[in-house]
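Chemist: What follows is a single structure, and I will ask about it in a moment.
FYI, it's all coordinate maths here, none of it is from the lab. Worth saying up front: this structure is predicted, and the values here are computed from it rather than measured. Positions of Cβ are backbone-derived with ideal geometry, glycine not excepted, and every protein chain shown enters the neighbour counts.
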């Protein structure tokens, strides 16, 4: 009877030992498996955070290179990854540091996508600030992951010690001779007492850790309540909780728990019905959109609203509402749209005015050519006709003088016709090309105006089609004529050069300079020449660069693609 009792105790002890070993192994397996899953998530988060640093540097590089389309792609991917990080880090202390980067990211994205002067320096500066902040965030995430590893190692040591203790107990109480049963009973009591003491200390540590965790959760919940626009709802749309910041925005001073969220959020009946319908339709798929409301000061506000269904089965909360105040962004966007429409309207008016001025200038040019032909060539031809009718070739000195005078008059008529023809379309352009025509223009303008106009051909042998060469000649002629009329220069230098793909004409003068924007904005027709130059260079698919100052004079560079126009 006593032996049966002893063996019954031994059997129970053996089964208990096996159960505890299996339990410890399963617990260790579950713990390690859960830790590996958590580590994979932490690794993904740290990897994405590191890629955010790389993307910010890539954006700065693409902005410096002027790649508009790739900048937009990198900015969109960069912002979407940032939103993913915020979702994945929900409930962690580092989330606040990540959210603090939102204004910096918004400024960086806007600057990268804009056409403003100096945006490269601004993007570099903002990118450096973002890199510094992300270094701190990555460091914090790495420290958190390291702490998790340390905790796992500590718990694993406890499980290993427990397993070894069970094995030791099994060795002591099962495989020892029955004759030592009493002594083993005392050893088991001592071991159980030690285990109880260890369990007590472990329980005390667990309670202390639980209290600390609850304190952190309470502090985090308080911070979210103070800083975020957040609400939790039941499935029927009634409020369970409304954050303090949300209450302050809506002016909800009275208790709101149990009231329909649609009525607390909106004052108008139509808006209330619309929000109630949205809440009823949100079951699995979240709803996101911009929502207009009136705050406690009767001012119109715009919120970026997200309604999310709860994912935990059996939870008291069925819906979560997250909101972001985007009123300033909306107002800025509306102001930008209004400014853009106004600029488009002004540009259309300038284009109409430019076309009208161009037509008037063409008519004035036709009138000038007609007057030149009438007053100059026409009168000289009339004088030549009368002189020929009165000419008497009798061999006298007077008839010889009259003949010489007629020769001079005929020469003047020829020069006048050539000058008028040269102004309309230089014959050299068709016969000898652009270089010879520009050289002839410089020589003729120097002779006729007394200005020092010099042409220099930088070994340029490239040619364009006749229409393109005529347009390029007219642009150069307009630039030189403007320098003669307005610059007060001591010299004017025309340089013709060509690269592999581009033909360039540069007009330099040492005059008083001018402001191109001021000239283009004039409405008296004085800016028509510059506008005509820009129109012609657009037809050639080229580019016009103007650099002008009172100290250095003016340089106008005309670049035209070879094989184009």
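Chemist: Find how many whole Å separate the alpha carbon centroid of segment 266-299 from the alpha carbon centroid of segment 43-110.
Modeler: 30 Å
Chemist: Also: With label points built 7 Å along Cα→Cβ from the Cα atoms of residue 167 and residue 106, find their separation and express it in nm.
Modeler: Modelled inter-label distance: 6.1 nm.
Chemist: Hey, fewest Cβ within 10 Å first, where do 200, 99 land in order?
Modeler: If I rank by nearby Cβ atoms, fewest first, I get 200, 99.
Chemist: Bin width 5 Å, origin at 0, all Cα-Cα pairs of segment 73-116: what percent of pairs per bin?
Modeler: 5, 22, 27, 22, 13, 7, 3, 1
Chemist: Please give the contour-minus-distance gain from residue 409 to residue 333: 0.36 nm per residue of separation, less the Cα-Cα distance, rounded to one decimal in nm.
Modeler: Net length gain for the segment: 20.2 nm.
Chemist: Across 5 Å bins from 0, what is the distribution of all Cα-Cα pair distances for segment 228-325, in whole percents?
Modeler: For segment 228-325, the pair-distance distribution reads 3, 14, 26, 29, 19, 7, 2, 0.
Chemist: Assuming 0.36 nm per residue, please report the length gained on full extension of the stretch residue 443 to residue 12 beyond their Cα-Cα distance.
Modeler: Working it through step by step, the gained length comes to 143.1 nm.
Chemist: Take peptides 55-66, 332-343, 292-303 and line them up by average Cβ neighbours within 10 Å, highest first, as a rough protection proxy.
Modeler: Put in order of decreasing packing, that is 55-66, 292-303, 332-343.
Chemist: Using the 2.2 N^0.38 Å rule of thumb for compact globular proteins, work out how segment 469-511 stacks up: its C-alpha Rg over that value, please.
Modeler: 1.25
Chemist: How far apart, in nanometres, would the label points at residue 81 and residue 497 be if each is projected 7 angstrom from Cα along the Cα-to-Cβ direction?
Modeler: 4.2 nm
Chemist: Write down the Å³ per residue value for the convex hull defined by the alpha carbon atoms of segment 429-565.
Modeler: 105 Å³
Chemist: Here is a follow-up. Quick one: length gained pulling residue 340 to residue 39 fully straight, 0.36 nm per residue minus the C-alpha distance?
Modeler: That works out to 103.4 nm of additional length.
Chemist: Follow-up. Using Cα-only point scatterers and the Debye equation, what is log10 of I(q)/I(0) for segment 23-108 at each q in 0.10 Å⁻¹, rounded to two decimals?
Modeler: -0.37
Chemist: According to a simple spin-label model (label point 7 Å from Cα along Cα-to-Cβ), what is the distance in nm between residue 96 and residue 51?
Modeler: 2.9 nm
Chemist: Once the Cβ-Cβ distance between residue 300 and residue 69 is put in as r, and R0 is 56 Å, what FRET efficiency do you end up with, to the nearest 0.05?
Modeler: With R0 = 56 Å, the Cβ-Cβ based efficiency is 0.95.
Chemist: Mind checking Rg over Rh on segment 2-175, alpha carbons, Kirkwood formula for Rh?
Modeler: 1.35
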